[in-house]
1. Suppose R0 equals 51 Å. What FRET efficiency, 1/(1 + (r/R0)^6) with r the Cβ-Cβ distance, do Leu100 and Arg39 give to the nearest 0.05?
2. For segment 71-143, what is the convex hull volume of its Cα atoms per residue in Å³?
3. Compute the distribution of all C-alpha to C-alpha distances in segment 1-112, in bins of 10 Å from 0, and list the percent of pairs in each, rounded to whole numbers.
4. Taking the Cα of His85, stepping 7 Å toward and past its beta carbon, and measuring to each backbone N in segment 108-133: which are under 11 Å?
5. At a Förster distance of 45 Å, what's the computed FRET efficiency of Ser124 paired with Cys361, Cβ-Cβ distance as r, to 0.05?
6. Counting only protein heavy atoms, what percent of the accessible surface of segment 332-371 is carbon or sulfur at a 1.4 Å probe?
7. Run the simple label-point estimate for Asp4 and His373 please: 7 Å along Cα→C-beta, distance reported in nm.
8. Which trypsin sites (Lys or Arg not before Pro) from segment 22-103 combine a DSSP loop assignment with at most 14 other Cβ atoms within 10 Å?
Amino acid sequence: IYADPAKRLELYFRPKDPYCHPVCANRFPTSTMLLKVKRRTKKKKQLDTEEEIQPEVQFEMEILGTVTTVYKFQGMSDFQYLAMHSGPDGKQTSMYDKVLMLKPEKEEFFNRELPLYIPPPIFSRLDTPVDYFYRPDIQHREGYNNPQVSGENLIGLSRARRPHNAIFVNFDDEEIPTKPLDAAVQTWKKVCTNPVDKKAEEELRKLFEVRPVWSRNAVKANISVHPDKLKLLLPYLAYYMLTGPWRSLWVRFGYDPRKHPEAKIYQVLDFRIRCGMKYGYAPNDMPVKAKRSTYNYSLPITVKKPVSHTVSVHDLKQGLGTSGASGAKKPASSRYKLKESIYVFREGALPPYRQMFYQLCDLNVESLQKIIHRNDGTESECTERDGWCLPKTSDDLRDSMSLMIKQIIRSTRPALFSNTTSSEDGKEQLAYESGEDEDDEEEEEEEFKPSDGSENEMETEILDYV
């Protein structure tokens, strides 16, 4: 807990009870000292039994060090839910020995008839009292009747729409947009007030002239623009594909990839590093660690969320963070840039994340490009699954890329593959050699540490725009 400043210290009143709900302590900085105090008592010899002699007490104090962090339990204790059952006579009976499996049990343990016990799915999200300001009852005029229940006056389940004004297109839509929404133009013009923003706009225009289809990560790796401004700039120059072979990508206004066979090189490939013993390594042996894990899940009450800084239009006009401490370390030209590995797959290099979304033109391996261009000049139909490529092209690409990943892992960690047979090695051996020494390998891994702002899940930015 101490290693993560955002986590709260948990105290369980019944540590052996899995249904015990903890109380949490917040972390605070302090400047105090840790003292070691010894109390020495020296008894004097008693000469006369009638007289009481007070023992001599001495204190010795030693400063062991300074304390910089303390945890204070300032919240209230939550409800505690016990595994108990109320009998017909009102007597409470413990069910812990019936519902807790402390050792491997036989089938009879699971087939026993027991009273229904369902612990609550969630406890309180807050452990500090807050003032809840109830709205006063609305006083209507005499004769007012409540309107009929309809979708217009129901509270929606989704959050409020964000005014980024992106245009979404499905693969089966007949028409594609040729210009942005007026609101998108006005929003960007309102924000684009300094030379840095105008330069970013020109750079993005040139990117769409060179390539009509881009992923957001690829844009981030080629131009330096604040993510909040990029959300406003992309809808100004491109529309967003929701489904089909170009899903999750931004397409230049007026360009329809479904009508151009050469657009197959811009299709998206969902690639995930395969993991399992049949591939020669377990999840814990993966050289690319998962960004999230269900084993490391923290309940909302145990995490202390930092206070977020809301971005205003004034902040956007001022350039957003030009005077920040972290921004001062990097020049403005590359402050928000991601590394090239976030969207390009190269031979002999590991992807930065276990799940990646590559455009086919960014697979910089000759053997992979041969698979992509197998039907050049003979494309007849653009399908929603395979686009302009031959059927099963994505599966062939994933198989080849997985073999490359396994080859890299084999070269860096040969002990993982010591039990594999020579025949399997022969089948899965790739027709290339890395030729890199250990120093180069370490530098390669150092390069692919996650960059700030990068993501390992699908770039569907829908929630950023609706």
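The values are calculated or read from the model by the stated rules, or taken from the named source; none is laboratory data. Note that this is a predicted model, so its numbers are computed, not measured. Every residue, glycine among them, receives a Cβ derived from its backbone with ideal geometry; neighbour counts consider all protein chains shown. When the accessible area is computed, the model is the full protein with side chains, heavy atoms only, and any ligands, DNA or RNA have been set aside. Shrake-Rupley method; radii C 1.70, N 1.55, O 1.52, S 1.80 Å.
1. Working: r = 45 Å, r/R0 = 0.88.
It comes out at approximately 0.70.
2. On the way: hull volume 19.1 nm³, N = 73.
About 261 Å³ per residue, rounded to a whole number.
3. P(r) for segment 1-112, in whole percents per bin: 10, 18, 18, 17, 16, 14, 5, 1.
4. 112-117
5. On the way: r = 51 Å, r/R0 = 1.14.
It comes out at approximately 0.30.
6. On the way: 740 of 1570 Å².
With neighbouring chains kept in place, the figure for segment 332-371 is 47 percent.
7. My value for the distance between the label points is 4.7 nm.
8. Values: sites: Arg27, Lys36, Lys38, Arg39, Arg40, Lys42, Lys43, Lys44, Lys45, Lys72, Lys91, Lys98; in loops: Lys43, Lys44, Lys45, Lys91.
In loop regions of segment 22-103 (DSSP not H, G, I, E or B), the sparsely surrounded trypsin sites (Lys or Arg not before Pro) are Lys43, Lys44, Lys45, Lys91.
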